[in-house]
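One structure below.
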Amino acid sequence: MPVTKARVGIRLRRFREERGLTQAALATALGISPSYVNQLESSQRPMTGAVLLRLASVFDADLQQFSAEDTDRIVAQLRDVLTDPAVGEQISMAEIRELAAAMPAVGRYVIELHRRYRHGRDVNETIMTRIDAGEAGSMTVPPPMAQEEVQELFYARRNYFPVLDLAAEQIFTEAGLGVGNTVPGITDRLKRRHGIQVAELPVSDQGVKRRYDPESRVLALSPLLNSGQRAFQLATHLASIEMTGQIDQIVDDANLSSEETRVLCRIGLASYFAGALVLPYQMFLNTAEAMGYDIVLLQRRFRVGYETVAHRLSTLQRPGARGVPFIFVRVDRAGNISKRQSATSFHFSRVGGSCPYWNVYEAFTRPTEIHTQLAQMPDGRSYLWVARTVTRRYGGYGTLSKTFAIGLGCDLRHAHRLVYSHGLDLASPSALVPIGPGCKVCDRDSCPQRAFPAIGKPLDANPHHGSFIPYATDAGR
């Protein structure tokens with residue numbers, strides 16, 4: 001029985017050619033006939049589970065490259081790219097899906113070209129603005145958005161870096177760290193292995209979480225941090241010492257565009273390691289499964305914050321020991337998405353904002369409460385979303401706080417594994433709230449909340465009648 005009906009012939013051919021194998025050599029390695037390999041590469045026969053497992057066993061292959069979900073991720077990104085209004089000819093979803101399924105490498109190349117195009121366009125707009133303001137003499141060309149480039153790397157890796165996870169588990173065991181109380185063990189490891197003393201910063205340094213002085217070998221932490229935050233900062237510094245080689249290898253392989261991006265990526269990977277050390281993979285996964293992915297209970301068990309738990313849940317994608325594949329997002333009241341990661345095909349559109357029907361924004365109406373939502377995207381994919389606000393204030397009275405909504409979503413087929421599905425009718429289509437990727441690229445012609453017209457769809461601009469639907473099209477009338 002084939003595991004998927006998707007034709008993956010071109011992908012298999014590329015897999016073989018990258019390894020310098022003939023069809024006969026690949027057939028011998030997999031224990032099948034050369035004619036069968038030829039039929040697979042010609043998309044005359046579907047890829048079976050047995051062949052996929054043999055590929056994984058013989059070549060240690062990442063089977064995601066043959067999966068339909070990988071195609072869906074590329075489709076979502078290409079849709080953003082190929083809905084540019086400057087393109088005269090509209091490209092259909094059928095054509096986009098064909099490109100993503102048959103030639104994913106070409107699809108990723110197009111996505112990268114568009115990213116560079118957007119950067120060039122932004123640079124041009126910046127230059128013209130400064131020329132108009134009479135600042136041409138002091139202009140420098142801004143580099144690409146480093147944060148965006150790093151986010152793309154994490155998205156491409158499905159927010160999972162196995163070398164860092166495995167190292168964190170090993171150190172957790174070696175150092176004899178305690179669950180929910182890793183501060184003493186990490187402090188001791190820093191002192192014994194690296195001669196680093198941990199001290200406290202003066203209370204007056206309210207804007208600093210962590211400061212390291214390499215001459216005195218003193219790592220000073222803010223006294224305003226709680227125990228979970230202290231553990232995270234200690235683990236982040238430990239990563240900068242013990243994980244340098246692994247992190248540098250990931251950064252080098254990513255071929256990032258600037259030194260600023262590389263530095264930011266190293267910081268992000270150090271933070272990833274810190275989360276993996278404080279919440280070690282297998283132990284955390286087992287506990288999450290036993291607790292039905294209850295974020296509050298996991299907070300109490302591991303003594304860390306809500307956002308830390310939610311983010312860690314989005315990284316549990318180890319082959320053979322996967323958790324629920326989550327989408328993680330952090331937004332503010334203005335709709336700015338400051339963190340976004342996905343282990344699924346869900347794609348955060350850069351065109352036209354996000355959807356006001358998404359319950360992540362509803363979380364601000366009743367802070368600290370858990371909000372659940374069964375939602376459906378225009379492509380028919382359905383999700384369970386869990387959202388809650390978190391607020392932080394590191395200073396005293398009168399200092400500004402920061403509030404975010406944390407969203408965690410999963411495909412509806414995994415929803416039964418979460419306590420948050422209790423009481424929800426997962427089988428009822430009427431329970432699904434229609435949401436979209438952003439008004440400019442959303443296909444919902446009858447949405448009453450539409451803020452912008454959809455790109456590529458002609459408006460129903462008839463002076464003789466009006467519509468309750470903003471920016472109605474002929475299809476939505």
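Numbers below:
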{"quantity": "Residues in the range 362-401 that a label on residue 205 would reach, taking backbone N under 20 Å of a point 7 Å out along Cα→Cβ", "calculated": "393-396"}
{"quantity": "Heavy-atom SASA rank of 339, 209 (probe 1.4 Å, accessible area, largest first)", "calculated": "209, 339"}
{"quantity": "At R0 = 35 Å, FRET efficiency that the Cβ-Cβ distance of residue 44 and residue 300 yields, to 0.05", "calculated": "0.05"}
{"quantity": "Added length on full extension, which subtracts the Cα-Cα distance from 0.36 nm per residue, residue 321 to residue 22", "calculated": "104.3 nm"}
{"quantity": "Under the Karplus curve 6.51 cos²θ - 1.76 cosθ + 1.60, θ = phi - 60°, whole-Hz ³J(HN,Hα) for the range 103-118, x wherever Gly or Pro sits", "calculated": "9, x, 5, 5, x, 5, 5, 4, 4, 5, 4, 5, 4, 5, 4, 4"}
{"quantity": "Residue 248 paired with residue 192, simple spin-label distance in nm, labels 7 Å along Cα-to-beta-carbon", "calculated": "2.7"}
{"quantity": "³J(HN,Hα) computed for each position of the range 218-228 - Karplus, 6.51 cos²θ - 1.76 cosθ + 1.60, integer Hz, glycine/proline x", "calculated": "10, 9, 9, 10, 5, x, 7, 7, 7, 5, x"}
{"quantity": "³J(HN,Hα), Karplus 6.51/-1.76/1.60, whole Hz, each residue of the range 420-430, x for Gly, Pro", "calculated": "6, 8, 4, x, 9, 8, 5, 9, 8, x, 6"}
{"quantity": "Solvent exposure ordering (accessible area, 1.4 Å, most first) of 47, 283", "calculated": "283, 47"}
{"quantity": "Whole-number percent relative contact order across the range 274-425, with pairs defined as alpha carbons under 8 Å at least 6 apart", "calculated": "21"}
{"quantity": "Theoretical FRET efficiency, 1/(1+(r/R0)^6), r = Cβ-Cβ of residue 255 and residue 218, R0 56 Å, to 0.05", "calculated": "0.95"}
{"quantity": "Rounded to the nearest 20 debye, dipole of the range 332-447 from Cβ charges on Lys, Arg, Asp, Glu", "calculated": "520"}
{"quantity": "Estimated 222 nm signal from helices in the chain, with DSSP H stretches of n ≥ 4 weighted -39500 (n - 2.57), rounded to 500", "calculated": "-13000 deg cm²/dmol"}
{"quantity": "For residue 318, distant residues with modelled amide H under 5 Å away", "calculated": "323"}
{"quantity": "Whole-number D in µm² s⁻¹ for the chain, Kirkwood Cα-pair radius fed into Stokes-Einstein, 20 °C, 1.002 mPa s", "calculated": "85"}
{"quantity": "Added length on full extension, which subtracts the Cα-Cα distance from 0.36 nm per residue, residue 446 to residue 364", "calculated": "26.9 nm"}
{"quantity": "Residue order for 251, 419 - accessible surface, 1.4 angstrom probe, largest first", "calculated": "419, 251"}
{"quantity": "Rounded to the nearest 10 Å², the accessible area of residue 113 at probe 1.4 Å", "calculated": "90"}
{"quantity": "Globularity ratio of the range 176-314, using Cα Rg and 2.2 N^0.38 Å", "calculated": "1.10"}
{"quantity": "Sites residue 103 and residue 148, calculated FRET efficiency, Cβ-Cβ separation with R0 35 Å, nearest 0.05", "calculated": "0.90"}
{"quantity": "Simple spin-label estimate for residue 426 and residue 397 in nanometres, 7 Å along Cα-Cβ", "calculated": "4.9"}
{"quantity": "Built amide H within the under 5 Å cut-off of residue 472, gap 5+", "calculated": "460"}
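The values are calculated or read from the model by the stated rules, or taken from the named source; none is laboratory data. Note that the structure is predicted; figures quoted are calculated from it, not measured. Heads up, the Cβs are rebuilt from the backbone with ideal geometry, glycines too, and the neighbour counts pull from every protein chain shown. To get the accessible areas, we keep the full protein, side chains included, count just its heavy atoms, and leave off ligands, DNA and RNA. Shrake-Rupley method; radii C 1.70, N 1.55, O 1.52, S 1.80 Å.
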